[in-house]
Amino acid sequence: MTQHDYADASQWRGTTILSVRKNGKVVVVGDGQVSAGNTVMKSSARKVRRIAGGNVITGFAGATADAFALLERLESKLEQYPTQLTRACVELAKDWRTDKYLRQLQAMMIVADKDQTFVLTGNGDVVEPDSGITAIGSGGNYALSAALAMNDYEDDAQVLAEKAMAIADQICVFTNNNLTIEVIEAD
């Protein structure tokens, strides 16, 4: 029988976050599963949130406490640079990469507003997807592949995101169909 060290963050799995930007709408959706080893610890986690007065949507993958620490930092950067999502994300990524405490945080984030979408990592990456579609987490590649394959056939960003997550849920054992969906429509 395999013993699991539930304090070891590398054993925690269970996040699929997908962002789809299409036809004046951006959708960020996340599943609710948190797993430790082969055990589902929680099926209704909320890994997608609105910040900055509801103008920015974030979705996170990785250690939850680390993700919340990064969310707080991002909110602080957005207070410093309101309406400048790119600058706030770059400043957070610089801090994340250079700060001794932040460097230890194990998480990734998708950050989106009405105009832009970024993936942020602890390596200092601030990546804007070419296609308007991006994903992170254990089931991220499944959801991303499904969304890209359906992109030419589905015009509604939310419908596309939900269908892609349903496919990821069927393939990835660390993904479930308990979704949190946030949407921003362009003016």
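Of the residues making up the stretch 77-89, none is closer than 19 Å to Arg50 by Cβ, of a type in the set (Asp, Glu) and touching a strand residue (DSSP E or B) at 6+ places or on another chain (Cβ under 7 Å).
Only one residue in Glu162, Glu154 is at pLDDT 95 or above, part of a loop (DSSP other than H, G, I, E, B), acidic (Asp, Glu) and surrounded by 14 or more Cβ atoms within 10 Å (Cβ to Cβ). Which one?
Among Glu162, Glu154, only Glu154 is at pLDDT 95 or above, part of a loop (DSSP other than H, G, I, E, B), acidic (Asp, Glu) and surrounded by 14 or more Cβ atoms within 10 Å (Cβ to Cβ).
Only residues that are in contact with a helix residue (DSSP H, G or I) (Cβ under 8 Å, 6 or more places away or on another chain), of a type in the set (S, T, N, Q) and under 20 Å from Glu185 (Cα atoms): list them for the stretch 115-124, please. Passing the criteria: only Gln116. Screening the candidates Gly37, Gly62, Gly124, Gly140 for the property of being in contact (Cβ under 8 Å) with a residue 24 or more places away in the chain and under 13 Å from Ser19 (Cβ atoms) yields one hit, Gly140. Condition first: in contact with a strand residue (DSSP E or B) (Cβ under 8 Å, 6 or more places away or on another chain) and free of Cβ contacts under 8 Å to residues at least 40 places away in the same chain. Now tell me which residues in the stretch 143-154 satisfy that. Passing the criteria: only Leu148. For the stretch 114-130, state whether one or more residues are out of contact with any Lys or Arg (no Cβ under 7 Å at 6 or more places or on another chain) and either over 22 Å from Val29 (Cβ atoms) or basic (Lys, Arg) (or both). Checked the stretch 114-130: at least one residue is out of contact with any Lys or Arg (no Cβ under 7 Å at 6 or more places or on another chain) and either over 22 Å from Val29 (Cβ atoms) or basic (Lys, Arg) (or both).
Among residues belonging to the stretch 115-145 that are in a strand (DSSP E or B) and of a type in the set (S, T, N, Q), point out the one that is surrounded by the fewest Cβ atoms within 10 Å (Cβ to Cβ). Explain how you work it out, then say what you get.
Here is the first cut: in the stretch 115-145, the residues in a strand (DSSP E or B) are 117-121, 126-127, 133-137.
From what is left, the residues that are of a type in the set (S, T, N, Q) are 117, 121, 134.
On the way: Thr117: 21, Thr121: 16, Thr134: 25.
Within the stretch 115-145, the match that is surrounded by the fewest Cβ atoms within 10 Å (Cβ to Cβ) is Thr121.
Among the residues of the stretch 165-187, which ones are crowded, with 18+ Cβ neighbours inside 10 Å, farther than 14 Å from Ile17 by Cβ and out of contact with any Asp or Glu (no Cβ under 7 Å at 6 or more places or on another chain)? Hit for the stretch 165-187 is Ile167, nothing else.
The values are calculated or read from the model by the stated rules, or taken from the named source; none is laboratory data. Values in this document were obtained by computation on a predicted structure and should not be read as measured data. Glycine also receives a Cβ, built like all others from the backbone with ideal geometry; neighbour counts cover every protein chain displayed.
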